[in-house]
Amino acid sequence: MNKKVYRWVNMITFYRLAAAPFLVLLLIGRQFAAFKWLLALSFFTDAIDGWLARKFKVNSLLGARMDSVADDLTILVAIIGIVLYQPVFLRSEWLLIGVMILLYATQNGIALIRYRKLTSFHTYAAKLAAVLQGGFLMLFFFLPKPVLPLFYLTAGATIIDLVEEILLALVLPQWEANVKGLYWVFKRRRPV
C-alpha cells in the first residue's frame, strides 16, 4: 500500500468530517452563499477520495468507516440546509422523505444490534444513490427551485440502496466493509 496516497485519501475524507460542523455554523450565521460552495466542495471531495482509494488500491477499514461517517454528515448538513432554507419542499415531500429516514434508521439500528457499529458496505447501489443525492442536493442549492424528477429518481435509488443494506445487515454474520451488494454476497456463498 502506498502510504503517501493513503494519507492523502484519508486527509480528503477528514476534510468532510471537519467541514460538517463548520457548514452548520455557516447555516446558523445565514452565510448561505459560502455554505452552498463549501457543501459543493464536500460532495466533490467525496467523489475524489473514493476514486483515489480504488485507483491506488489504498482501501482500509479506517478509511471505509471515516468515509461512511463523512458521507452521512455531509448529507445531514445538506438536509439541515433544506430545513432552514426550503422547508416548503420538506412539507410537500414529507412521505417519501419519511420513508427514507425510517429505512435509514432501521438499517443503522440493525447494524448496531448485530455488529455493535455502523455499516460501511459501500455497495454499488449506495454509490449510485450517493451520486444522485449529491447531484440533486447541489442543484437544489444552486437552482431557484428543486428538480422534482431528479428528486424522485434519487429517492428511488436511495430506497433501493437502504433496503439492500438492511438485507445485507440481516444476512452477513460479521461486519464487513466494501461489500459490492447482495448478489455478490449470495454468489460467494454458493458452493462451486
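Is segment 11-120 rounded, prolate or oblate when judged by the Cα gyration tensor, a ≥ b ≥ c being the square roots of its eigenvalues, rounded requiring a/c under 1.5 and prolate requiring a/b larger than b/c?
Since a/c reaches 1.5 but b/c is at least a/b, the shape of segment 11-120 is classed as oblate.
State the number of lysine pairs found in the chain whose Cα atoms come within less than 17 Å, restricting to pairs 8 or more positions apart or on distinct chains.
9
How large is the dipole of segment 1-85 about the Cα centre if only Lys and Arg carry +1 and Asp and Glu carry -1, each at its Cβ, rounded to the nearest 20 debye?
For segment 1-85, the charge dipole is close to 360 debye.
Who wins for biggest fluctuation among R114, R16, R91 in a Gaussian network model of the chain, springs between alpha carbons below 10 Å?
R91
Could you list the residues of segment 105-137 with an amide nitrogen less than 19 Å from a label point located 7 Å from the Cα of W184 in the Cα-to-C-beta direction?
Counting backbone N atoms under 19 Å from the label point, the list is 119-132.
Note the listed values (1) 28, 22, 14; (2) 24, 22, 15; (3) 30, 23, 12, then indicate which one is semi-axes √(5λ) of the Cα gyration tensor in Å calculated from this particular structure.
So the structure-derived entry is (1).
Can you give the extra length, in nm with one decimal, that the chain gains between T106 and L128 once fully stretched, where that is 0.36 nm per residue apart less the Cα-Cα distance?
Roughly 5.9 nm would be gained on extension.
Might you report the magnitude of the Cβ-based charge dipole of the chain about its Cα centre, with Lys and Arg at +1 and Asp and Glu at -1, to the nearest 20 debye?
680
Once you place label points 7 Å from the Cα toward the Cβ at Y115 and I28, how far apart are they in nm?
Here the modelled spin labels are 3.2 nm apart.
How much length, in nm to one decimal, is gained on full extension between S92 and L148, taken as 0.36 nm per residue of separation minus their Cα-Cα distance?
19.1 nm
Readers should treat all values here as calculations from the given coordinates under stated rules, not as data from a laboratory. For clarity, every value in this text was computed on a predicted model and none was experimentally measured. Methodologically, a virtual Cβ is constructed for each residue, glycine included, from the backbone with ideal geometry; neighbour enumeration extends over all protein chains shown.
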